[in-house]
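For reference, the structure discussed in these notes is given below.
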Amino acid sequence: MTYTPTDDELSKGLHAVFYEIQQLAFTPMLSTPDAGINNAIVESRLLHVRTLLDFFEDAAKQKDDVLAVHYGFPSRPIEEVEAVYRERLNKDLAHLTYSRTRRTQSDKQWPYDRVVVPVIERCHLFAEHVLATPSIYARINRDDWQGLVAVLAAVRTAFEV
């Protein structure tokens with residue numbers, strides 16, 4: 001049996017989605033020569049990627065997960081994010097595993113164009129969907145969603161080759 005959120009849950013859930021997208025959008029703008037802080041930024045970015053992959057791709061979880069389909073946005077895989085990176089999002093980021101210890105320095109790289117950018121592109125489409133469906137952004141005003149769309153567009157442009 002799939003979970004059916006209440007109107008209040010949908011409103012609060014959309015606020016949480018806005019936060020996830022906003023945090024993902026702002027992390028590529030951060031840089032520091034400090035390796036420890038840089039690792040924290042990368043891990044934060046990847047955690048938001050992992051969270052948003054579930055949001056966009058899952059159509060009928062039985063738990064109380066917030067899903068894009070709850071907002072009339074179609075659920076479909078973000079195919080550009082390859083299986084190897086999906087596995088690493090779980091094994092290297094969200095779980096302490098021995099496979100993580102076997103990675104070389106070059107194996108530890110996260111190619112933004114193949115991991116982050118496809119999710120940012122889907123976020124951009126979702127934010128535009130929210131703007132086109134005024135009734136669903138009750139807790140966050142239209143200007144904030146428009147600002148987020150502008151930031152997402154700028155981040156996408158920054159990664160274009």
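Every number in this text was worked out from the coordinates using simple rules, so none of it is lab data. Bear in mind that the values here come from a model prediction, so they are computed numbers and not experimental data. Quick reminder, even Gly has a Cβ in these numbers, built from the backbone with ideal geometry, and neighbours come from all protein chains shown.
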Response to the item:
Candidate cut points under chymotrypsin sites (Phe, Trp or Tyr not before Pro) in the range 1-37, DSSP loop plus at most 15 other Cβ atoms within 10 Å of their own Cβ, are TYR3
Discussion item. Can you compute 3J(HN,Hα) from phi for each residue in the range 42-59, using the Karplus curve 6.51 cos²θ - 1.76 cosθ + 1.60 with θ = phi - 60°, rounded to whole Hz and x for Gly and Pro?
Written reply: 4, 5, 4, 4, 5, 5, 5, 4, 4, 4, 6, 4, 4, 4, 7, 9, 7, 9
Worksheet, complete the sentence: Taking a ≥ b ≥ c as the square roots of the Cα gyration tensor eigenvalues, with a/c under 1.5 meaning rounded and otherwise prolate when a/b beats b/c or oblate if not, the range 1-59 comes out prolate
Discussion item. Once R0 is set to 35 Å, what does the formula 1/(1 + (r/R0)^6) return for the Cβ-Cβ distance between ALA16 and THR101, expressed as a FRET efficiency to the nearest 0.05?
Written reply: 0.60
Fill in: LYS61 paired with GLN109, simple spin-label distance in nm, labels 7 Å along Cα-to-beta-carbon
3.2
Worksheet item: So which trypsin sites (Lys or Arg not before Pro) in the range 57-105 end up in coil per DSSP with only 13 or fewer other C-beta atoms within 10 Å?
Response: LYS61, LYS63, ARG102, ARG103
Item to complete: Scan (1) 10.0; (2) 11.0; (3) 10.5 for the value of mean projected area of the Cα convex hull in nm² calculated from this model and give just the label.
Response: (3)
Fill in: Sites ILE37 and THR133, calculated FRET efficiency, Cβ-Cβ separation with R0 30 Å, nearest 0.05
0.20
Worksheet item: Using Cα pairs under 8 angstrom and six or more residues apart, how large is the relative contact order of the chain, in percent?
Response: 27
Worksheet, complete the sentence: GNM on the chain, Cα springs under 10 Å; top mean-square fluctuation among LEU24, LEU96, LEU53 goes to LEU96
Worksheet item: Exactly which GluC sites (Glu not before Pro) in the range 9-114 are in a DSSP loop and have at most 10 other Cβ atoms within 10 Å?
Response: GLU79
Response to the item:
With 0.36 nm assigned to each residue of separation and the Cα-Cα distance removed, ASN90 to TYR3 gains 28.9 nm
Fill in: Of LYS63/LYS91; LYS12/LYS108; LYS61/LYS108, those spanning more than 29 Å from alpha-carbon to alpha-carbon
LYS12/LYS108; LYS61/LYS108
Worksheet item: Karplus couplings for the range 79-86 from phi (6.51 cos²θ - 1.76 cosθ + 1.60, θ = phi - 60°), rounded to Hz, Gly and Pro as x?
Response: 5, 5, 7, 5, 4, 4, 6, 5
Worksheet entry | Backbone HN-Hα couplings from phi across the range 93-101 [Karplus 6.51/-1.76/1.60, Hz, Gly and Pro as x] | 9, 9, 9, 8, 10, 6, 4, 4, 6
Item to complete: With runs of 4+ DSSP H residues as the only contributors, calculate the mean residue ellipticity of the chain at 222 nm using -39,500 (n - 2.57) per run, divided by the residue total and rounded to the nearest 500.
Response: -18000 deg cm²/dmol
Worksheet item: What is the distance in Å between the Cα centres of the range 4-34 and the range 116-160?
Response: 11
